[in-house]
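These notes are about the structure you will find just below.
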Amino acid sequence: MPPERFGSCVLFEGATLRIGAVHCGPEHPDFRAPGPIERPVFVFPRASVWIRRPDQRPVVAGPNVVSLYNAGEEVQRRALTPRGDRHEWFQVDPSLRFSVPYAPSDPACYAVQRALTHYLRTEATPDPLLVEETALGLLDRLTDRARGVTPQGRDRRRSRPVERAEAYVSVHFRRRETLADLARVAGCSPFHLAHAFRLHRGSTLHQYRDRLRLCAALELVLDGPGDLTALALELGYSSHSHLTAAFRRRFGLPPSALRRAASRARVETLRAHLWGTRS
């Protein structure tokens, strides 16, 4: 893997696909306006951040939302957390043009791309066919989801209470909030918030929060040998078994098994589970 430069690195480079990672703090001079997009690229955020395109209102981009950029597009970022912007990017063939700016993701998609980039970081000679097929399979799934019935994939329709609640939950998803708590943050009634969130984001607030929790759990499981019971409680689950059941349902295996698996086996196992599921 090439050495990191200004918080970015290229993990893979093939004839029609490049994969890389960025970790850019809010204080970095390029954080707010990184410049025009060189080639079509889809981006999996690991930290939630505000993204604004020309003539559009800002969007909370995080583990639940993949951004798709065409060549020549410009974007502005605004920090939502002190982590700034942290993401993996997948640059594809220059002839490709995306028809939607965002695609709804899910923990299963997120898990596959995290396992893939972890594999690229740890394998001296990664299998290019495995890498390219997995990355383009992810793109197929994301664009299929964006063309579906989820309002978030179609137009990211605007509602200020929904945006306030989304931004708050993206930062504080570990907390055990009530609908009334979130309605106070959003500045509306609990009934209005529950209805508007389902209408504008295609999921309930509970589902949205749980997806963020599972993505955070995946990060911690992949990154180290921490205590799983403590991890479950930290992320707002009632017990180790509660986390394990949710993890197995989404990823096809328990956290302990994923942690023990070799990097290539993680990619293959999670990929097989994703292609066989619909969420």
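The values are calculated or read from the model by the stated rules, or taken from the named source; none is laboratory data. Predicted, not measured: the structure shown is a model, and the values here were computed from it. Positions of Cβ are generated from backbone atoms using ideal geometry, with glycine treated the same way; all protein chains shown enter the neighbour counts. We work out accessible area using only protein heavy atoms, side chains counted, and drop any ligands, DNA or RNA first. Shrake-Rupley method; radii C 1.70, N 1.55, O 1.52, S 1.80 Å.
For W89, the accessible surface of its heavy atoms amounts to roughly 40 Å² (probe 1.4 Å, protein chains only, rounded to the nearest 10).
Of the solvent-accessible surface of the chain, computed with a 1.4 Å probe and all protein chains present, 53% belongs to carbon and sulfur. These residues, D210, D85, D30, go from largest to smallest accessible area, 1.4 Å probe, as D30, D210, D85. Only DSSP H runs of four or more residues enter the estimate; each adds -39500 (n - 2.57), and after division by the residues of the chain the mean residue ellipticity at 222 nm equals -14500 deg cm²/dmol. Taking amide H as placed 1.01 Å from N in the peptide plane, S105 has its amide H under 5 Å from the amide H of V65, V66, each at least 5 places away in sequence or on another chain. Rounded to the nearest 10 square angstrom, I51 shows an accessible area of 10 square angstrom against a 1.4 Å probe.
Taking a ≥ b ≥ c as the square roots of the Cα gyration tensor eigenvalues, region 163-279 comes out prolate, since a/c reaches at least 1.5 and a/b is larger than b/c. So, counting K/R as plus one and D/E as minus one, what does the shell of residues with Cβ under 15 Å around A245 add up to? Residues close to A245 contribute a combined charge of +3.
When nucleic acids and ligands are ignored and a 1.4 Å probe is applied, T178 ends up with an accessible area of around 70 Å².
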